[in-house]
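The values are calculated or read from the model by the stated rules, or taken from the named source; none is laboratory data. Since the structure is predicted, the reported quantities are computational estimates derived from the model, not experimental observations. Note that each Cβ is placed from the backbone with ideal geometry, even for glycine, and that neighbours are counted across all protein chains shown.
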Amino acid sequence: MSISRVVPGQVVILAGGSLGVGSIAARALSSAGVSVHFAVRGPVPTLEPVPEGRGEVIFLDTEAFTPTEVCETVGNVSGRLDALIYCAAPALVSPYWQLDDAAWRRGVEEPLFDAHHWVQAAMLQMREQHHGRIIIIGPAAGLEPNDDRVATSTLAGAFRGLTESLAYAGLRLNVQCWVLRLGARPVDVGRPTEHAWAQLESILISLLEGTSGVPSGGVIDLVTQVP
């Protein structure tokens, strides 16, 4: 069974630490007819109502369920899992010489470990059905690296390596993987432009449709802010 090239009817898990980006993605995908299972920790974000006859947004509490349990449940109930979209936590901005162990764990190790858990759980489900797509949305990815974005650049490099390796492994499983890197600064600093959010929505839809033209393992850079 191959993944549908039509977005309506697809089943997607949306997970990770960035509720801002996650909320934008949930709104866009559900409006396009996708069944979005939004895994959140803590308060449920407020979203605009999904237009009648379109998709849906179902919230899942990650404090009550592990990534493996979420992926297995969604796959069993829906009969498929077309994609995982993992939204990493906002970037850590701090001069390198001021980064203590706790900050490094929070900015690099914990988000990478969390991404690994979600991606592995999703790939196990996708391996059984022999199709799927994985999209990692990274924080401000050090597109303009300097000494206050060392942790962010390190995490971005790790996400890229993870994506490239998974793309190779996914060849046998009909699973495609990409990393989408957001801008040169954290998305919660300043005000992202409406055009940038429209770009994000368009890219996500094209990746799910299989019409993006970006090969599996590819990196997509999206500047979400103007200087």
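Given the structure, is G33 in a loop (DSSP other than H, G, I, E, B) and at pLDDT 85 or above? Give the steps one after another, and end with the answer.
Details: in a loop (DSSP other than H, G, I, E, B): yes; at pLDDT 85 or above: yes.
It is true that G33 is in a loop (DSSP other than H, G, I, E, B) and at pLDDT 85 or above.
Just name the residue that is surrounded by the fewest Cβ atoms within 10 Å (Cβ to Cβ) out of those in region 99-120 that are small (G, A, S) and more than 17 Å from the chain's Cα centre (by Cα).
Only one residue tops the list, namely A102.
Which residue pairs have Cβ atoms under 8 Å apart, sit 6 or more places apart or on different chains, and have a first residue in region 126-140 that is under 18 Å from G217 (Cβ atoms) and a second that is among the acidic types (D, E)?
H131/D82; G132/D82; R133/D82
Going by the conditions given, is T163 in contact (Cβ under 8 Å) with a residue 40 or more places away in the chain and under 14 Å from the mean Cα position of the chain (by Cα)?
Yes, satisfied.
Collect the residues in region 201-227 that are part of a loop (DSSP other than H, G, I, E, B) and either at pLDDT 80 or above or within 21 Å of L162 (Cβ to Cβ) (or both), keeping them in residue-number order.
G210, T211, S212, G213, V214, P215, S216, G217, G218, listed by residue number.
Quick one: in region 73-98, of everything that is of a type in the set (S, T, N, Q) and in contact (Cβ under 8 Å) with a residue 40 or more places away in the chain, which residue is surrounded by the fewest Cβ atoms within 10 Å (Cβ to Cβ)?
Among those that are of a type in the set (S, T, N, Q) and in contact (Cβ under 8 Å) with a residue 40 or more places away in the chain, it is S78.
For region 49-60, indicate whether the set of residues that are at pLDDT below 90, of a type in the set (G, A, S), surrounded by fewer than 17 Cβ atoms within 10 Å (Cβ to Cβ) and assigned to a loop (DSSP other than H, G, I, E, B) is non-empty.
Yes, region 49-60 has at least one match.
If we scan region 166-175, do we find a residue that is within 28 Å of F65 (Cα to Cα) and among the aromatic types (F, W, Y)?
No, the conditions are met nowhere in region 166-175.
Against the definition (at pLDDT below 85 and in contact with a helix residue (DSSP H, G or I) (Cβ under 8 Å, 6 or more places away or on another chain)), how does G9 come out, yes or no?
Considered against the rule, which asks whether it is at pLDDT below 85 and in contact with a helix residue (DSSP H, G or I) (Cβ under 8 Å, 6 or more places away or on another chain), G9 comes out as no.
Pull up region 66-88, narrow it to residues that are among the hydrophobic types (A, V, I, L, M, F, W, C) and either under 13 Å from Q125 (Cα atoms) or in contact with a Lys or Arg (Cβ under 8 Å, 6 or more places away or on another chain) (or both), then point me to the one that is modelled with the lowest pLDDT.
Quick first cut of region 66-88, residues among the hydrophobic types (A, V, I, L, M, F, W, C) only: 70-71, 74, 77, 81, 83-85, 87-88.
If we keep only those that are either under 13 Å from Q125 (Cα atoms) or in contact with a Lys or Arg (Cβ under 8 Å, 6 or more places away or on another chain) (or both) as well, we get 70-71, 74, 77, 81, 83-84.
Working: V70: 93, C71: 94, V74: 93, V77: 89, L81: 95, A83: 96, L84: 97.
Going through the qualifying residues, I end up with V77.
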